[in-house]
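The values are calculated or read from the model by the stated rules, or taken from the named source; none is laboratory data. Because the structure is predicted, anything quoted here is derived from the model rather than measured. Cβ atoms come from the backbone with ideal geometry, glycine included; neighbour counts cover every protein chain shown.
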């Protein structure tokens, strides 16, 4: 059979965005689920229980190349295209003040993210969620109960802030470098760990989450 390139892309990514990308792959592998390999999460591979791993590190004329290749027989795990691999969806809706908001709804029905504010139009709301889609996967996480500082390199133009509210519930908010809060948890969690799991689910699922209009 002749060779076929199903998908190929070359992009520049910050270190934290790389970490989220590989973390998403690792989580799917652990659960034995189809693994999305593109930002839109529309192409997945079904990795078999056992495969060949080839890791190659090269230095050539001032350039470093790290190549990670996983190989298996096609009959053991096929490729799927034009799928929606994200486990969440953006819902646009009108609130009681007739402002347009968005929420990020997991496939289990839980709301895992919220716009944090209402917008004057659907266009503005979509611009807001696209900022979250762009910045959340590569955002650093800062625990405000500790004396932590945001790293100056390798992240995005936003930062996740973990904090305890007045009811001692744990929440997160995603703050842009311009000071605006562009998303929040929408709910309080009983523990810091649960809140962190919630924001990490946001990081993993926003790149390929479809946008729908809610009733």
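Answer yes if at least one residue in segment 164-181 is closer than 17 Å to residue 21 by Cβ and out of contact with any helix residue (DSSP H, G or I) (no Cβ under 8 Å at 6 or more places or on another chain), and no otherwise.
Within segment 164-181, the subset closer than 17 Å to residue 21 by Cβ is none.
The answer is no, given that none of the residues of segment 164-181 is closer than 17 Å to residue 21 by Cβ and out of contact with any helix residue (DSSP H, G or I) (no Cβ under 8 Å at 6 or more places or on another chain).
Sort through 128, 113 and tell me the only one that's under 20 Å from the mean Cα position of the chain (by Cα), part of a helix (DSSP H, G or I) and surrounded by 13 or more Cβ atoms within 10 Å (Cβ to Cβ).
128
Quick check on segment 84-109: of everything there that is touching a helix residue (DSSP H, G or I) at 6+ places or on another chain (Cβ under 9 Å) and farther than 16 Å from residue 212 by Cβ, which residue is surrounded by the most Cβ atoms within 10 Å (Cβ to Cβ)?
Going through the qualifying residues, I end up with 85.
Could you list, in sequence order, the residues of segment 48-82 that are at pLDDT 95 or above and either in contact with a helix residue (DSSP H, G or I) (Cβ under 6 Å, 6 or more places away or on another chain) or on the phi > 0 side of the Ramachandran plot (or both)?
Selection gives 48 alone.
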